[in-house]
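Trainee: Below are the structure tokens for one structure; questions will follow.
Here, each number is a calculation from the coordinates, and none is a lab measurement. Small disclaimer: the values here were computed from a predicted structure and weren't measured. Every residue, glycine as well, gets a Cβ built from its backbone with ideal geometry; the counts of neighbours run over all protein chains shown.
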Ligand code: ADP
Ligand code: ZN
């Protein structure tokens, strides 16, 4: 935990720092309203409630949330495009959707009030990261159907910052404009932040003296504490983790404060639970499991107990920043990201944590999983830094052996380590694709 926070700014004191009891009654009231509203307006949920024998008056305490059924990603796919909307399309002002690499995309609709609430959530988030109207926000999240670009943009506008709507790509131009416009806040995926740092190095730009960035708001994909250190050192800024997902809203569902001791869930609007992903039962307080979110105030596409597939744990320990919301810790991964290799559960984040401990390696890696003769094989390709690569084959071989041993200690399985030359693995503008599971292609 950072003992000396860099700031203590709060966008909406009344909402973010309200007494815990008041927060709980607000949540209950909103939950009751939601169930009542959906019983009338949403054919999907009306049907669900009927199936589970639930009436609005059954919701008497927040614990009654557990009586409600889960909503899963397939419900969104099966009701493509509009059947989960609880308002007619005439009241919808924006539609986003996932990239939909497999099958139909997942759609998300917003009323004007939903957009307003989302904007407020991002304004709170940017403020929590220390951004103000004085800042120049260089927004490299993609604009378009993906919620990152527009989401960050709306919040930056609300706090009155000067926003540069970059999107990803054309890396050297990004660096030029960042320098010329005096960008102080960078918003993008953590993997793209590293690409920008790398581009600056290639262009010979002295980031410390020529680029004024002081804050980074990074999310939309998993990243470890080791990755945070790497980014902060390379870009000379303070990195904040922001979480969100298209189905729930977009970026701004939760964000770190200057204490960096977990992400404050904006739980006046998004009620979190943690369940055991196998049984669906709640886990004991503080234990890790799947994050489930109920959207308390959304109008166009509210979701009840949505199973995010993201793995984390919650804490309601008070935070010195004064916000009274529940926090979740950095995501450990996704239930569907978890690789089962030789019967052992492996999260890519465990591998990243080991790789990034080594100054010999660049933070660029790919995990390749294959099955030959019924035997799983994990190959970890990782880039050497320029300096290390120059030391030659013998050094690289010795280092690979050491890394192989460390990886085995962490994962309990053996892997093949391949150290590749600098700048040879593919970079991404948005979410990085780091896992190639060839076994899935065989299915
Ligand atoms: P978004 O448009 O907000 O990125 P997507 O629906 O494309 O939403 O992706 C949401 C998923 O991205 C989350 O369920 C989670 O797995 C991942 N994600 C988003 N933010 C973070 C974060 N800060 N850390 C780890 N994973 C994240
Ligand atoms: Zn805090």
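Trainee: If you build the Cα gyration tensor of region 1-335 and take the root of 5 times each eigenvalue, what three semi-axes come out, in whole angstrom, biggest first?
Mentor: 34, 22, 18
Trainee: By how many degrees, 0 to 90 and rounded to 10, does the Cα axis of helix 393-411 deviate from the longest principal axis of the chain?
Mentor: For 393-411 against the chain, the angle is about 30 degrees.
Trainee: Follow-up question, since we're still on this one. What per residue convex hull volume, in Å³, do the alpha-carbon atoms of region 150-278 yield?
Mentor: In region 150-278, the Cα hull volume divided by residue count equals 133 Å³.
Trainee: Something else now. Measure nothing but the geometry: give the 0 to 90° angle between the long axis through the Cα atoms of 225-235 and the longest principal axis through the Cα atoms of the chain, rounded to 10°.
Mentor: It is inclined by approximately 70 degrees.
Trainee: Still on this structure, I have one more. For region 162-263, give the share of DSSP beta bridges that are antiparallel, in percent and rounded to the nearest 5; count only bridges with both residues there.
Mentor: Given both bridge residues lie in region 162-263, the antiparallel proportion sits at roughly 30 percent.
Trainee: Within 10 Å of each residue's Cβ, count the other Cβ atoms and sort 298, 416 from fewest upward.
Mentor: Listed from fewest to most nearby Cβ atoms, that is 416, 298.
Trainee: With 19 Å as the cut-off, how large is the P(r) tail for region 213-281, expressed as percent of Cα-Cα pairs?
Mentor: It works out to 42 percent of all Cα pairs.
Trainee: What is the Cα convex hull volume of region 103-182 when expressed per residue in Å³?
Mentor: Looking at region 103-182, the number lands at 99 Å³ per residue.
Trainee: Something else now. Can you give the Rg and Dmax of region 339-442 based on its C-alpha atoms, in angstrom?
Mentor: 13.7, 40
Trainee: Next up: If you rank 21, 360, 352 by fewest surrounding Cβ atoms within 10 Å, what's the result?
Mentor: So the residues, fewest neighbours to most, are 21, 360, 352.
Trainee: Another question, if that's okay. Above 23 Å lies some portion of the pair distances; for region 248-331, what is it as a whole percent of all C-alpha pairs?
Mentor: 19
Trainee: For the chain, what does the helix formula give at 222 nm: sum of -39500 (n - 2.57) over DSSP H segments with n ≥ 4, over the residue count, nearest 500 deg cm²/dmol?
Mentor: Calculated from helices alone, the mean residue ellipticity at 222 nm is -10000 deg cm²/dmol.
Trainee: Same structure again: With 10 angstrom as the radius, rank 74, 91, 437 by how many other C-beta atoms surround their C-beta, starting from the fewest.
Mentor: Listed from fewest to most nearby Cβ atoms, that is 74, 91, 437.
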